[in-house]
Amino acid sequence: MPTQYLFVFAQVHDEFRIPELLSVAELYGFDIKFSEDPKERDTSRPFMILELKSEEHARLLAGRCILIKYVCEFYARGTSYEEMHERNRLRKPQWEKYIADTSFKFMVTAFNHTIPQRRQRDVVEGFAYMDFQGKIDMKNPEITLACFEEYPDRRGTIREKIEGDGEFDEVWFGRLIDVELARPLAKKFDVKKRAYFGNTSMEAEMSLLMANQTLASPGKLVYDPFIGTGSMAYTTAYFGAFVFGSDIDGRQMRGKAKPPGIIRAAAQYGVANRIMDLCTFDVTQNPWRCGELFDAIVTDPPYGVRAGAKRLGRKNQRQPKEGPPPVHVERPDDQQYIPPTKPYELSELARDLILLARYMLKPRGRLVFFLPTVTEEYEEIDVQTMLCEGMEIVANSLQNFGSWGRRLITVRKITTEKYPPPTFDPAHAVTENADVHVPAHKDFREKYFQGFKKNGSIADSSAQEV
Amino acid sequence: MVRLITHNLLACHAKGCTSNNFPLQFQDAAIELRDAEFNADFLRGFLPRIEWTALVGAARQLGDTSLPAEQPEMLDDEFLQKLHHVLLEVHVEEGAMVCPNCKHVYPISNGIPNMLLAEHEIG
């Protein structure tokens, strides 16, 4: 019979919480039962009760989910201590096995509040009816009983430190199973402490969430076609996968010293030998011999704000001269000749990326990537119309920056059919997809630099005010 | 870097170069051997993607003759160990890969091959 577990989450990246849980459960092959009541699935609260078949599954989730802070076997909850204790008494069959001689301690804590020490003691004494006979051991108890008080968010209000003490929304109680096992990885992968990084490196916590969406594990092969400084390579490799990276700009991957920057940073995390290889090429002119190579593709495509997306070719339609370029300029790195590049418009890039993933992924493989969107203009159809046959959306989580945001899109390949490699030809794609819907992320770069104003005139008038 | 597994997956992609564009030939290859984690499941899963003759040829070009000319049917541990070594532990650090058809030279520097095409080579 499934047991209820109390999960306590970090209150960040709300929209990533459930996709992460589902991905980790899929990776290990078990099911999570969420509450039917949408209020119980509200990710703006730190608490959630999930039903799992075994405690082992709870541990697996805690071992891998970056957003989990605590996992407990759930005993009771209530809007008052009376209510919670009453329910906890009914749960005696679950905890009576600890009564006789199990060493224990209590942990009493609160969210959005600090409970004064004196009352913490009162709270613990309130559990006297459980009549635990084992010795109290504050250092190495066999079990820890955890009591959490949940207060409303009062940020921005001025109050005495303990004002409102006891006026919680709800109190939760259970036996602690694990304390943030995976969460400290965000510190381990801190970009500031990394041997090599760039100005567009992905922050550690997000790189880890992305790695979880790829279902990275030993023996898998993951590809990043815009690897840059390798942020996601380290986290996916840390979870055991081999990572292959390519980038149109080899300088991003290598940095100034030897060995290449990505290898230096990977070595710092002990995963250098899981970086399968790095390769300089434009993904729209790629040398892959065949498809169906990768278990996942994970990438943060450049979208033109800090680093512009580029592909080989010329911006204007000037006919290139026949034959090799006449002058070879010696450069300090190996790139004796730098071919011209042209901008790569975001909605084109996103659509090409999905076509590339359908060709390069094994069946059931996943594509995980960030898509920047304009908050006011975004519609769900923007993401739906990027898709092609054989690919389905698994998750779409927004990281909101106000007027714009970025969505972590997870797509799964649901076909076993073989498809040809994408042509990367904008003209071709338009005819294939006769749908004329223009996604809000089209020309994102231009919209960003116009401050997301609806039209030029508003931008002009605000400029005059300055 | 440039392990033989990577070499086995890359073909010349210059404009119009569509036949006899694989495998690329190593030139002036400087090799390093580095231990990698052995994972039998990964090797078994990847074997169907490998062009066997190309792999054996590349290994021999680099002086490793441990693999048989014909891909064996029995994937015993001894064979997988050899395959593991050839695919994942031999790194070409410097040199180049040359297309057997159009003779395009893809230089390898610090273990990173430069597969960028020049303007006149893109389709």
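Legend: calculated FRET efficiency, residue A:33 to residue A:131, from the Cβ-Cβ distance at R0 = 45 Å, rounded to 0.05, equals 0.90. Placing R0 at 22 angstrom, the Cβ-Cβ distance between residue A:155 and residue A:377 gives a FRET efficiency of 0.15 after rounding to 0.05. When DSSP beta bridges are restricted to pairs lying wholly in the protein assembly as shown, around 70% turn out antiparallel. Across the accessible surface of chain B, with the other protein chains kept in place and a 1.4 Å probe, carbon and sulfur atoms take up 48 percent. Of the residues A:26, A:51, B:78, ranked by 1.4 Å probe accessible area with the largest first, the sequence reads B:78, A:26, A:51. If you count the DSSP beta bridges with both ends in the range A:3-179, what percent of them are antiparallel, to the nearest 5? The antiparallel fraction comes to roughly 75 percent.
Only Cα sites of the protein assembly as shown enter the Debye sum here, all with the same form factor; the resulting log10 I(q)/I(0) across q = 0.09 1/Å is -0.80, listed in q order.
Quote the convex hull volume per residue of chain B, based on C-alpha atoms, as a whole number of Å³.
Hull volume normalised by residue count: 107 Å³.
Apolar share of the accessible surface for chain A: 50 percent from carbon plus sulfur atoms, 1.4 Å probe. Here the range A:41-122 is treated as an ellipsoid with the same Cα gyration tensor; its semi-axes, largest first and in whole Å, are 22, 20, 15. Ellipticity at 222 nm from helices only: DSSP H runs of n ≥ 4 in chain B, each -39500 (n - 2.57), divided by the residue count, give -6000 deg cm²/dmol.
How much area per residue is accessible in the protein assembly as shown when the probe is 1.4 Å and only protein heavy atoms are counted (Å²)?
Value for the protein assembly as shown: 46 Å² per residue.
Send over the Kirkwood Rh of the range A:108-162, from the inverse of the averaged 1/r over different Cα pairs, rounded to one decimal Å. About 13.5 Å, per the Kirkwood formula over Cα pairs. If you take the square roots of the eigenvalues of the alpha-carbon gyration tensor of the range A:3-179 and sort them as a ≥ b ≥ c, do you get rounded (a/c under 1.5), prolate (a/b over b/c) or oblate? In terms of gyration-tensor shape, oblate. Only protein heavy atoms count here; under a 1.4 Å probe, residue A:173 has an accessible surface of about 0 Å². Among B:45, B:95, B:57, the residue with the largest mean-square fluctuation in a Gaussian network model of chain B, with springs joining Cα atoms closer than 10 Å, is B:45. Look at the dipole of the protein assembly as shown built from charges on Cβ: of A:439, A:225, A:400, the Cα furthest out on the positive end belongs to A:225.
Note on the range A:117-182 and the range A:381-405: Cα centroid distance 39 Å, given to the nearest whole angstrom. How big is the B/A interface in buried accessible area, both sides summed, 1.4 Å probe, to the nearest 100 Å²? Result for this pair: about 3500 Å² buried. Measuring with a 1.4 angstrom probe and ignoring ligands and nucleic acids, residue A:197 comes out at about 100 Å² accessible. Placing R0 at 25 angstrom, the Cβ-Cβ distance between residue A:41 and residue A:392 gives a FRET efficiency of 0.70 after rounding to 0.05. Could you give log10 I(q)/I(0) at q = 0.16, 0.27 Å⁻¹ for the range B:4-56, computed by the Debye formula over C-alpha point scatterers of equal weight, without solvent? The Debye formula, applied to the Cα set alone, gives -0.64, -1.19. Over the residues of chain A, the helix contribution to mean residue ellipticity at 222 nm works out to -7000 deg cm²/dmol, using -39500 (n - 2.57) for each DSSP H run of at least 4.
The values are calculated or read from the model by the stated rules, or taken from the named source; none is laboratory data. Everything quoted here is computed from the prediction, not taken from an experiment. We place every Cβ from the backbone using ideal geometry, glycine too, and count neighbours over all the protein chains shown. Just so you know, the surface numbers come from the protein's heavy atoms only, side chains and all, with ligands and any DNA or RNA stripped out. Shrake-Rupley method; radii C 1.70, N 1.55, O 1.52, S 1.80 Å.
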